[in-house]
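Chemist: Quick one: the structure is below, questions incoming.
The values are calculated or read from the model by the stated rules, or taken from the named source; none is laboratory data. Just so we're clear, the structure is a prediction, and the values are computed from it rather than from any experiment. Cβ: placed from backbone, ideal geometry, glycine included. Neighbour counts: every protein chain shown. Please note that ligands, DNA and RNA were not included when accessible areas were found on the heavy atoms of the full protein model with its side chains. Shrake-Rupley method; radii C 1.70, N 1.55, O 1.52, S 1.80 Å.
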Amino acid sequence: MLLSRAKPASGPATVEEKEKKKKKLPKLEDFVGARDYTGAVTLLEFERANKKNDIQTAMWIAYCYFHLGDYKRCLKEYKEITEMKGAPPEAWVYLGCTMFFLGMYKEAEEACGKGPTSKLQNRLMFHLSHKFNDEKKLMSFHKNLQDIVEDQLSLASIHYLRSHYQEAIDIYKRVLLENSSNGGSKKEFLALNVYVALCYYKLDYYDVSQEVLAVYLQHFPDSTVAINLKACNHFRLYNGKAAEAELKNLSDVCSPSFKFASDLIKHNLVVFRAGESALQVLPPLIDVIPEARLNLVIYYLRQDDIQEAYNHFKDVSPTTPQEYILKGVVNAALGQEQGLNDHIKIAQQYFQLVGGSASECDTIPGRQCMASCFFLLKQFEDVLIYLNSIKSYFYNEDQFNYNFGQAKAATGNYKEAEEIFLMIQSEKMKADYVYLGWLARCYIMNRKPRLAWELYLKQETSSESFSLLQLIANDCYKMGQFYYSAKAFDVLERLDPNPEYWEGKRGACIGLFQQIIAGHEPRETLREILAILRNTGNAQVEYIIRIMKKWAKDNRVSVT
């Protein structure tokens, strides 16, 4: 039987066709479908360089730059397109979207107004109204939103921006549910899991955020936004080093041309490294990443440059709880540093606004705000109500314990206050006069005056050490701990020959003498009392010393 020649002849031809297919250049649709916008824009620029400079090519180039996050290049493209003859009217709306992402809100509104009425135009104007804080316009565009996915996602994002995170979660979950029940592709709406995770992050449910995020990362392990959010969760759940390790994965997978990812990595590394390189990295990002200004202000606060923190934030009108809280902190710090009561009142109002709001009153930051509000009002019993409710979350947090200890001491609970103050690890805090003063007072009230005196001995001579000495002298006198009161008043009198210090020293020495007579202090202490009294040139000294010596002689106590 003779074999057909058609079959063998077709074999090699099929292999050749396969080889040709392998060598064939990928099409634009292939790049876009694979989210390879760098490859897509390279192909398009090549085509444009080869005389294919039509509107369609320019529109695709602008589209790719937009999705790469290179909004400045995208802006240039859309501006050129709008000047072309026969440019599509919707290019004005796309130009408005690009300007919106660059923070050019007024220009975005003008460009959007030149485009045709459409669902996208309504969504953009809806977001611009939010940026302009124009509630009337916001509600007007809100009425035009329809029950379609794009409009509902736009509404969810506004809920998110207004800190209505639960409302945003409800919309995202409904969209996911409707899509799956209608037989839609689960992969098509998979990114909504990132938005849900972001809302849970904002609600402080970091572990829940991680679980939801994992669903998306299984399919797209190289996602910039998802990896960044995972790093932020690690920062909240663990520490900066764990977060930085996650961001390393992001820097490894990111294309150098992806500017947004680059800026995000730089910004978050500053936060994870506790402000390292903040002054080099954050200022250029203020108009790119919303949190950059907040973190720059926080950096200045941590450096005790309160005036600079205030200067960077004084013209910002707060819109989110975080901004209100930071405004309160900056005003409180400035008011306390410079003795400006107006700033302290403003801070108290900001804290009360956040702590009393329905969305924040039961959150940890909300309770911290109410505690801060009452702290500034010096209502420490109320401070403790709020701090006690959240202390389990801040067991080893120095800043929390610093405030908690002060509130405990201010309400007379010196034993617990002492324990809390001693938990603080920060050397900077432990060198602060407020800390030293409160700890010294706790020691004295807990009948440990020697420890308070040792705190003073470790200090260098300064106005603060002088104030600490005054505190020890007066508090010890009040508590009947006359030995250390006498020592403190003696040093005070030598530093400043004020008659009040002599009177304090005289009273403490006589009080201590009385305790020796009653057998509450060792008799050997009398020798030190006499030495302290001899440091004064007051005429009364000789009379007091004579009486003490007579008693010592009568009771066979050696004072030489």
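Chemist: In the list 546, 556, 523, which residue meets the criterion of being assigned to a helix (DSSP H, G or I) and open to solvent by 60 Å² or more (accessible area, probe 1.4 Å)?
Modeler: Working: 556 fails: assigned to a helix (DSSP H, G or I); 523 fails: assigned to a helix (DSSP H, G or I).
Result of the check over 546, 556, 523: 546.
Chemist: Continuing with this model, one more query. Please specify each residue of segment 420-433 satisfying the condition of being open to solvent by 60 Å² or more (accessible area, probe 1.4 Å) and part of a helix (DSSP H, G or I).
Modeler: 422, 427, 428, 430, 433, listed by residue number.
Chemist: Please work out if residue 478 is closer than 27 Å to residue 375 by Cα, out of contact with any His (no Cβ under 6 Å at 6 or more places or on another chain) and not hydroxyl-bearing (Ser, Thr, Tyr). Break it down stepwise before answering.
Modeler: On the way: closer than 27 Å to residue 375 by Cα: yes; out of contact with any His (no Cβ under 6 Å at 6 or more places or on another chain): yes; not hydroxyl-bearing (Ser, Thr, Tyr): yes.
Yes, satisfied.
Chemist: Can you tell me which of (1) basic (Lys, Arg); (2) surrounded by 13 or more Cβ atoms within 10 Å (Cβ to Cβ); (3) more than 17 Å from residue 202 (Cα to Cα) is the one residue 162 doesn't meet?
Modeler: If we test residue 162 against (1) basic (Lys, Arg); (2) surrounded by 13 or more Cβ atoms within 10 Å (Cβ to Cβ); (3) more than 17 Å from residue 202 (Cα to Cα), just (3) comes out false.
Chemist: Among the candidates 119, 131, 137, 143, single out the residue that is open to solvent by 30 Å² or more (accessible area, probe 1.4 Å), under 19 Å from residue 159 (Cβ atoms), touching an Asp or Glu at 6+ places or on another chain (Cβ under 7 Å) and not aromatic (Phe, Trp, Tyr).
Modeler: Numbers: 131 fails: touching an Asp or Glu at 6+ places or on another chain (Cβ under 7 Å); 137 fails: touching an Asp or Glu at 6+ places or on another chain (Cβ under 7 Å); 143 fails: touching an Asp or Glu at 6+ places or on another chain (Cβ under 7 Å).
Matching residue, one of 119, 131, 137, 143: 119.
Chemist: Is at least one residue of segment 205-216 part of a loop (DSSP other than H, G, I, E, B), on the phi < 0 side of the Ramachandran plot and either crowded, with 16+ Cβ neighbours inside 10 Å or over 27 Å from the mean Cα position of the chain (by Cα) (or both)?
Modeler: At the first step, the residues of segment 205-216 found to be part of a loop (DSSP other than H, G, I, E, B) are 205.
With the extra rule that they be on the phi < 0 side of the Ramachandran plot, the set shrinks to 205.
Restricting the remaining residues to those that are either crowded, with 16+ Cβ neighbours inside 10 Å or over 27 Å from the mean Cα position of the chain (by Cα) (or both) gives 205.
Yes.
Quick grid of which residues meet (1) outside any helix (DSSP H, G or I); (2) buried (at least 20 other Cβ atoms within 10 Å of the Cβ); (3) in contact with a His (Cβ under 8 Å, 6 or more places away or on another chain):
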site: 63; (1), (2), (3): no, no, no
site: 67; (1), (2), (3): no, no, no
site: 75; (1), (2), (3): no, yes, no
site: 80; (1), (2), (3): no, no, no
site: 99; (1), (2), (3): no, yes, no
site: 103; (1), (2), (3): yes, no, no
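Per-residue answers, yes or no, for (1) touching a Pro at 6+ places or on another chain (Cβ under 6 Å); (2) without any contact (Cβ under 8 Å) to a residue 24 or more places away in the chain:
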position	(1), (2)
268	no, no
291	no, no
300	no, yes
315	no, yes
321	no, no
324	yes, no
332	no, no
339	no, yes
350	no, no
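Chemist: In segment 45-61, which residues are under 44 Å from the mean Cα position of the chain (by Cα) and open to solvent by 50 Å² or more (accessible area, probe 1.4 Å)?
Modeler: Within segment 45-61, 45, 60 meet the criteria.
Chemist: Out of the residues in segment 466-503 meeting the condition of being over 43 Å from the mean Cα position of the chain (by Cα) and not in a helix (DSSP H, G or I), tell me which one is surrounded by the most Cβ atoms within 10 Å (Cβ to Cβ).
Modeler: 481
Chemist: Still on this structure, please answer the following. Just one of the numbered conditions (1) out of contact with any His (no Cβ under 9 Å at 6 or more places or on another chain); (2) open to solvent by 40 Å² or more (accessible area, probe 1.4 Å); (3) part of a helix (DSSP H, G or I) is not true of residue 447; which one?
Modeler: (3)
Chemist: Name the one entry in 290, 283, 321 that is surrounded by 20 or more Cβ atoms within 10 Å (Cβ to Cβ) and not polar (S, T, N, Q). Can you show your working first?
Modeler: Working: 290 fails: surrounded by 20 or more Cβ atoms within 10 Å (Cβ to Cβ); 283 fails: surrounded by 20 or more Cβ atoms within 10 Å (Cβ to Cβ).
Going through 290, 283, 321 in turn, the sole match is 321.
Chemist: What number goes with the only condition from (1) modelled with pLDDT under 95; (2) buried (at least 17 other Cβ atoms within 10 Å of the Cβ) that residue 368 does not pass?
Modeler: (1)
Chemist: Here is a further query. Could you list, in sequence order, all residues of segment 270-282 that are free of Cβ contacts under 8 Å to residues at least 40 places away in the same chain and closer than 12 Å to residue 244 by Cα? Even if it seems obvious, please write down each step before you answer.
Modeler: Residues of segment 270-282 free of Cβ contacts under 8 Å to residues at least 40 places away in the same chain: 270-271, 273-282.
Within segment 270-282, 270, 271, 273, 274 meet the criteria.
Chemist: Looking at (1) modelled with pLDDT under 90; (2) exposed (fewer than 14 other Cβ atoms within 10 Å of the Cβ); (3) in contact with a helix residue (DSSP H, G or I) (Cβ under 9 Å, 6 or more places away or on another chain); (4) in a helix (DSSP H, G or I), which is the only condition residue 32 fails?
Modeler: (2)
Chemist: Is one or more of the residues making up segment 277-296 at pLDDT below 90, farther than 25 Å from residue 132 by Cβ and within 16 Å of the chain's Cα centre (by Cα)?
Modeler: No, the conditions are met nowhere in segment 277-296.
Chemist: Also: Just to verify a result, which residue in segment 384-417, among those that are among the β-branched types (Val, Ile, Thr) and under 26 Å from the mean Cα position of the chain (by Cα), is surrounded by the fewest Cβ atoms within 10 Å (Cβ to Cβ)?
Modeler: Our first condition is that a residue be among the β-branched types (Val, Ile, Thr); within segment 384-417, this holds for 385, 390, 411.
From what's left, under 26 Å from the mean Cα position of the chain (by Cα): 385, 390.
Values: 385: 15, 390: 17.
Checked segment 384-417; the qualifying residue surrounded by the fewest Cβ atoms within 10 Å (Cβ to Cβ) is 385.
Chemist: Could you check segment 452-465 and list, in sequence order, the residues that are over 11 Å from residue 437 (Cα atoms) and either in contact (Cβ under 8 Å) with a residue 40 or more places away in the chain or open to solvent by 30 Å² or more (accessible area, probe 1.4 Å) (or both)? So that I can check it myself, show each step before the final result.
Modeler: Step one: of segment 452-465, the residues over 11 Å from residue 437 (Cα atoms) are 453-454, 457-463.
The answer is 454, 457, 458, 459, 460, 461, 462, 463.
Chemist: Output the residues belonging to segment 258-276 that are in a loop (DSSP other than H, G, I, E, B), in contact with a Leu (Cβ under 9 Å, 6 or more places away or on another chain) and either among the basic types (Lys, Arg) or open to solvent by 60 Å² or more (accessible area, probe 1.4 Å) (or both).
Modeler: Correct list: 276 only.
Chemist: Here are the criteria: (1) modelled with pLDDT of 90 or more; (2) open to solvent by 30 Å² or more (accessible area, probe 1.4 Å); (3) farther than 23 Å from residue 264 by Cβ. Tell me which single one residue 151 does not satisfy.
Modeler: The number of the failed condition is (2).
Chemist: Just name the residue that is modelled with the lowest pLDDT out of those in segment 44-72 that are among the hydrophobic types (A, V, I, L, M, F, W, C) and out of contact with any helix residue (DSSP H, G or I) (no Cβ under 6 Å at 6 or more places or on another chain). Can you show your working first?
Modeler: Looking only at segment 44-72, we keep the residues that are among the hydrophobic types (A, V, I, L, M, F, W, C), and these are 44, 46, 49, 55, 58-62, 64, 66, 68.
So of that shortlist, the ones also out of contact with any helix residue (DSSP H, G or I) (no Cβ under 6 Å at 6 or more places or on another chain) come out as 46, 49, 55, 59.
Numbers: 46: 89, 49: 86, 55: 89, 59: 94.
Residue satisfying both the conditions and the ranking: 49.
Chemist: Taking only pairs six or more apart or across chains, which ones have beta-carbon atoms under 7 Å, a first residue in segment 156-176 that is over 20 Å from residue 146 (Cβ atoms), and a second residue that is assigned to a helix (DSSP H, G or I) and at pLDDT 90 or above?
Modeler: Qualifying pairs under 7 Å: 161/130; 165/199; 169/196; 169/199.
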